[in-house]
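A.B. asks: This is the structure I have questions about; it appears just below.
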Amino acid sequence: MKKLGMFLLGFAALVLAGTAAQAAMEDDNDNKFTLHGEIRFRGEWWDNLSDFTDSGKDPNSVTFNTNDSLDMYPYRVRLAARGELGHDIWIFGELQNSGVAGDRFAETVNVFGHSDTLIFGGGETTLYQGYVKIKDVADSVLDVAFGRQEIVFDRGLHFSSLDFYNGISHDGVMAAWDWDNFAIHGFWTKVNESNVFFGFFDGDNDADNNLYGAHFKHMTGKDEDQDVAYYLFYQTQNVGGLDNTEDRGAIWTLGGRWGRTLKGESGWVWNAELALQGGDFSCYFAPGTFTGDCFTASNEESTLDHKAWVFEGALGYNWHEGKTDQKIWGSATWATGDDDPNDSDNDAYSPLYTDFHNRLGYADLFAVTNIQAYSVGYKINVDDRHAFGVALWNFSQAEHETDTLSPLTFASTGDALASACFDDVTPPAGESCSDDLGNELDLFYNYYLTENFSFDTALSWFEPGDAIEDHWSGFGSEDAGDDAAWRLTAQARGRW
């Protein structure tokens, strides 16, 4: 906590100096500067969450995973300033320090991948956002922002701020045309490779990683309570084949969404989003043993033909009475896997910058790839102060032959949560492949004391299915991967 303490001490001096400077500027002109920030502290308890066994042993020999239970205390501190320089020119700068209290967990239990890509952070202070925005260019509805910034669209299936962890930011230019009920966003970025983790980065490679996108959104319905979105994203992958040439893969994502949310009134609510992917997938990221067309003797084949899709849908009903809203819902998420990792195609959906927290349950066990997930749930919100809820999930693999990635454990467990039948492994006599990943039960409670302070807690119980049990046990080893897992989180957050 020493680094965090020095960070807060330095910011206290900055606030005092900034307040005096702001007062002086307001006396001299009309420029306005404001300070913003967040302090978030969370306690977590994990039990069996990364080995699914009470034995205290990891069948895949992951060196850190010698205990069945652990607790940790992630924190995130963000401090930002925004100001108007005149002539509709705005600046925004935000520093962030995020990590785990004591830093022991971040140093010894790197469950999120490379040391420079920890989702919990490593206790270092970094520039999270820093950009200049020109508003109403030439007296139009066009705003242009350039610099490091968050990119968030819709429900965060493709682009999110990953708010529960330490965020995602991008370096580039964003143009936005915003009318009363219709908006267009277009952007070009160089991806900030310090805090993303799925399919498009390598922290040790300096090759360019360009991301282009266009997003259209408009409001519809009788009371304009429904939103419809269309989008196209195109991104190069920054690593080539084994020969390290500049012939890299590039993937496009084309999709649309239709949704309706309600608050303070009764009615149906829904969300439906479908996206298709195509292009060339870099062999560097391809799963399998690479015996197919991806790696030829001369390494001339550096990409695979990429064809994949994802669907996310939910339907529910909201009841409103007095100061209470109640909602029941059912949901389904399907994301393709690869039926043969060793051929010339890659059919597994590759997530972009998704918000994975509570996308597939509060345990955050599964990424949106090679997955079929179904849920039913209930939530009650009382006076916008107290929210209680419960959700039941069922998970299965879309294909046996592809990894089932976990955001919490994929970098530490080799094949992550792949079944024992991964990569065309033939089961022993009398055994058969299973796509059953398991079931999860979530209980959650949120308390909003004020507009700027909240507390939330969630308890997840996960019962592994045969696919996970066989993956850990290799078909038949007892007490390996067949015990229930738990995750308990309790978080306090203050914002201003």
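Bear in mind these aren't lab numbers, they're just calculated from the coordinates by the rules spelled out. The structure presented is a predicted model; accordingly, all values stated were derived computationally and were not measured. Using ideal geometry, Cβ is built from the backbone for each residue, glycine included, and neighbour counts are taken over all protein chains shown.
A.B. asks: Greater than 20 Å separation of Cα atoms is the criterion. Which listed pairs, Lys222/Lys263; Lys217/Lys327; Lys32/Lys217, meet it?
C.D. replies: Violating the 20 Å Cα-Cα cut-off are Lys217/Lys327; Lys32/Lys217.
A.B. asks: Also, quick follow-up: Which residues in segment 218-234 place their backbone N less than 20 Å from a point set 7 Å from the Cα of Trp179 along the Cα-to-Cβ direction?
C.D. replies: Counting backbone N atoms under 20 Å from the label point, the list is 218-232.
A.B. asks: Which of the GluC sites (Glu not before Pro) found in segment 439-496 are in a DSSP loop and have at most 11 neighbouring Cβ atoms, other than their own, within 10 Å?
C.D. replies: Of the GluC sites (Glu not before Pro), the ones in loops of segment 439-496 whose Cβ has at most 11 other Cβ atoms within 10 Å are Glu451, Glu478.
A.B. asks: Highest mean first, how do 363-372, 389-398, 259-268, 342-351 rank when packing is the count of other Cβ atoms within 10 Å averaged over residues?
C.D. replies: With the highest mean Cβ count within 10 Å placed first, the list reads 363-372, 342-351, 389-398, 259-268.
A.B. asks: Evaluate E = 1/(1 + (r/R0)^6) for Lys135 and Leu35, where r is the Cβ-Cβ distance and R0 equals 22 Å; express this FRET efficiency to the nearest 0.05.
C.D. replies: Once the sixth-power term is evaluated, E becomes 0.65.
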